[in-house]
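Participant: My questions all concern the structure below.
Derivation of every value follows stated rules applied to the coordinates shown; laboratory data play no part. Given the structure is predicted, the values throughout are model-derived calculations rather than measurements. Cβ coordinates were reconstructed from backbone atoms using ideal geometry, including for glycine residues, and neighbour counts include every protein chain displayed.
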Amino acid sequence: MTTRAEFLGRVRAEMRKAGAPAPAEVPERPARPGDAADAVRRQMSERWPEALERFVQEFERVAGVFHRVKTPAEVPGVIRAIAREHGAREVATWAPGALGMDLAASLGPEVAVLPAPPGGGKADRLRHRDEAARAGIGVTGVDVALAETGTLVLVSGAGRPRSTSLLPETHVAVFGPAALVESLEQVGVILESLHVDPARSMSGAVINFITGPSRTADIELTLTRGVHGPKHVHAVFVDGLGGLPR
């Protein structure tokens, strides 16, 4: 039997072989975040088709399911088909103002829509949390879609709670060309501009980076999906949704 001292000695010996880790590099914060973000938006206004191609490749690599439609009017049809596929009768959504569309009228009696409150107090937030935990599908928007890793970046806030994307078994994220960026550095620039903007302050908000369905492995390396988050993640890209992100 290996003693504690022997075990720790082996760990120390292996760490000495690896050598010291490389020093971390901290990127310089932009002096004018708004101007830096505008520069990213100008770049992406021309390069988003290439970024979308890379996003799809990486998103599907991590078991995401990608859909593309021309107009927002086609989104309810995609969600209805996903609901049928997964046998979902209820859909939790961000508040219509935060999502950019009201799905309640368009999904029809086949699917019940449970929107998050646009603001409200603690009781309203808890109610939506319970609804999201019960619903089979959660529908959100996307603040930034990172092409190089197929990652969806969501900033929580009024009308856009974390529970909508984290609690249902299936997460459906809707976005357009406005959200696409190519690199993690560009994500940082966009988020920094939001942080310093008094009208869109993210003070106290949570930023979720979602790369595919939730995955958990036990000590025997048995991989399980959906333990700590959605089991299925769908991205619905809408060509005609909005302008460049601001």
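Participant: Which whole-percent values make up P(r) of the range 1-47 when all C-alpha to C-alpha distances are grouped in 10 Å steps starting at zero?
Facilitator: With 10 Å bins starting at 0, P(r) equals 19, 20, 16, 12, 18, 14, 1.
Participant: Most exposed first by the Cβ proxy, i.e. fewest other Cβ within 10 Å, how do ARG89, ARG41, ARG127 rank?
Facilitator: On the way: ARG89 11, ARG41 19, ARG127 14.
Ordered from fewest to most neighbouring Cβ atoms within 10 Å, ARG89, ARG41, ARG127 come out as ARG89, ARG127, ARG41.
Participant: How big, in percent, is the set of alpha carbon pairs in the chain lying more than 30 Å apart? Provide the component values of the computation, followed by the final result.
Facilitator: Details: 10257 of 30135 pairs.
In whole percent, the long-distance tail amounts to 34.
Participant: Per the Kirkwood formula on distinct C-alpha pairs, the Rh of the range 58-136 is how many angstrom? Spell out each step's value before the answer.
Facilitator: Working: mean 1/r = 0.0724 Å⁻¹.
Across the range 58-136, the inverse of the average 1/r is 13.8 Å.
Participant: If you don't mind, there's one more thing I want to ask. How big, in percent, is the set of alpha carbon pairs in the range 1-140 lying more than 20 Å apart?
Facilitator: Details: 6836 of 9730 pairs.
Summing the P(r) tail past 20 Å for the range 1-140 gives 70 percent.
Participant: For the range 29-238, calculate the relative contact order in percent as a whole number, restricting contacts to Cα pairs under 8 Å that are 6 or more residues apart. Before the final figure, lay out the partial values.
Facilitator: Numbers: 417 pairs, mean separation 56.7, N = 210.
Averaging sequence separation for qualifying contacts and normalising by length gives 27 percent for the range 29-238.
Participant: Show the residues, 5+ positions off or on another chain, whose built amide H is closer than 5 Å to the amide H of GLU90.
Facilitator: ALA112, GLY136, ILE137
Participant: If each residue of separation counts as 0.36 nm, what is the full-extension length gain between ALA13 and ASP124 once their alpha-carbon separation is subtracted?
Facilitator: Working: separation 111, 0.36 × 111 = 39.96 nm, distance 5.50 nm.
Once the chain is fully extended between ALA13 and ASP124, it gains 34.5 nm.
Participant: Tell me which residues come under 5 Å, amide H to amide H, from HIS234 once H is placed; ignore anything under 5 positions away on its chain.
Facilitator: Result for HIS234 returns VAL65, HIS171, VAL172, ALA173.
Participant: Treating the range 94-199 as a set of equal point scatterers at the Cα positions, no solvent, please give the Debye-formula log₁₀ I(q)/I(0) at q = 0.15, 0.22 Å⁻¹.
Facilitator: Listed by q, the Debye log ratios stand at -0.68, -1.22.
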